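Here is the structure we will look at.
The values are calculated or read from the model by the stated rules, or taken from the named source; none is laboratory data. Here the structure is a predicted model, which means the values were calculated and not measured. Note that each Cβ is placed from the backbone with ideal geometry, even for glycine, and that neighbours are counted across all protein chains shown.
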Ligand code: FES
C-alpha cells in the first residue's frame with residue numbers, strides 16, 4: 001500500500017511503486033481530469049502539481065509522490081472555479097480542450113512563482129503542447145490573471 005496526499009486528502013492505493021502517477025490518479029483514484037497525451041514527458045497533458053511544482057505525471061513513478069502534496073485539476077477549487085479556470089472560460093482558451101487541464105496546472109504554478117509574468121517567463125513555463133494552437137489565448141488569459149488581485153480560493157493551491 002502506498003500512502004499519498006491528493007487534493008488535500010490522504011489516500012492509500014495498492015499499486016506497483018513504479019506505476020506512473022498518471023495511471024494511479026486516473027485508474028485507481030478515478031481522477032480523470034489529468035490526461036494522457038504522449039506518455040514520454042513531452043506534451044504536458046498529464047501535468048499535476050507536486051509540492052506546488054508542475055510535474056509530468058506520465059513518467060513519475062507513483063512511489064515518488066509518497067509523502068508529497070499532489071494536486072490535480074479536480075483539486076484546484078471545490079466548485080471547479082479556481083481563478084485560472086475562470087480566466088480560461090472568460091478568454092475562451094480551450095478549443096478541443098484535451099490538453100487544457102495540463103495547461104491550467106502549469107499556469108497555476110507559473111502564477112504562484114511569478115504573479116505578473118513576462119512573455120519570456122510565460123514561454124519558459126508554458127511548455128505544454130496544444131494541437132489546436134491555443135497558445136495566444138493561453139498567454140492572454142495569463143496576462144489577464146496577472147492584473148487581478150490574488151484572493152483565497154476554496155481549493156488546495
Ligand atoms: Fe505526459 Fe505527454 S502524457 S507529457
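Residues that are under 10 Å from residue 128 (Cβ atoms) and more than 6 Å from the ligand (Cβ to nearest atom) within region 36-50 comprise just one, 47. The residue of region 72-83 that is nearest to the ligand (Cβ to nearest atom), among those that are under 22 Å from residue 114 (Cα atoms) and part of a loop (DSSP other than H, G, I, E, B), is 72. Scanning region 24-62 for residues that are surrounded by fewer than 16 Cβ atoms within 10 Å (Cβ to Cβ) and in a helix (DSSP H, G or I) returns a single hit, 27. Whether any residue in region 69-88 is more than 17 Å from the chain's Cα centre (by Cα) and at pLDDT 95 or above is what I want to check. No, because not a single residue in region 69-88 is more than 17 Å from the chain's Cα centre (by Cα) and at pLDDT 95 or above. Looking only at residues of region 1-14 that are assigned to a loop (DSSP other than H, G, I, E, B) and within 21 Å of residue 76 (Cα to Cα), we find that the one that is nearest to the ligand (Cβ to nearest atom) is 7. If you check 145, 129, 110 for being within 15 Å of the chain's Cα centre (by Cα), under 20 Å from residue 52 (Cβ atoms) and at pLDDT 95 or above, only one passes: 110.
So which of 17, 117 is in a loop (DSSP other than H, G, I, E, B), away from the ligand (no atom under 12 Å from the Cβ), in contact with a helix residue (DSSP H, G or I) (Cβ under 7 Å, 6 or more places away or on another chain) and within 23 Å of residue 144 (Cβ to Cβ)?
Just one listed residue meets the conditions, 117.
Conditions tested, residue by residue: (1) touching a residue at least 12 places away in the same chain (Cβ under 8 Å); (2) within 14 Å of residue 33 (Cβ to Cβ); (3) within 13 Å of the ligand (Cβ to nearest atom); (4) not in a loop (DSSP other than H, G, I, E, B).
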| site | (1), (2), (3), (4) |
| --- | --- |
| 64 | yes, no, no, yes |
| 70 | yes, yes, no, yes |
| 85 | yes, yes, no, yes |
| 93 | yes, no, no, no |
| 97 | no, yes, no, no |
| 101 | yes, yes, yes, yes |
| 108 | yes, yes, no, yes |
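Within 11 Å of the ligand (Cβ to nearest atom) and touching a residue at least 60 places away in the same chain (Cβ under 8 Å), is that true of residue 33?
Against the criterion (within 11 Å of the ligand (Cβ to nearest atom) and touching a residue at least 60 places away in the same chain (Cβ under 8 Å)), residue 33 does not qualify.
Here residue 123 passes the criteria (1) more than 15 Å from the chain's Cα centre (by Cα); (2) in a helix (DSSP H, G or I); (3) surrounded by 14 or more Cβ atoms within 10 Å (Cβ to Cβ) except the one numbered (3).
Listed by first and then second residue, the pairs with beta-carbon distance under 7 Å, at least 6 apart or on different chains, first residue in region 126-139 and in contact (Cβ under 8 Å) with a residue 24 or more places away in the chain and more than 16 Å from residue 38 (Cα to Cα), second in a loop (DSSP other than H, G, I, E, B) and away from the ligand (no atom under 12 Å from the Cβ), are 134/93; 134/94; 134/95; 137/91; 137/92; 137/93; 138/93; 138/126.
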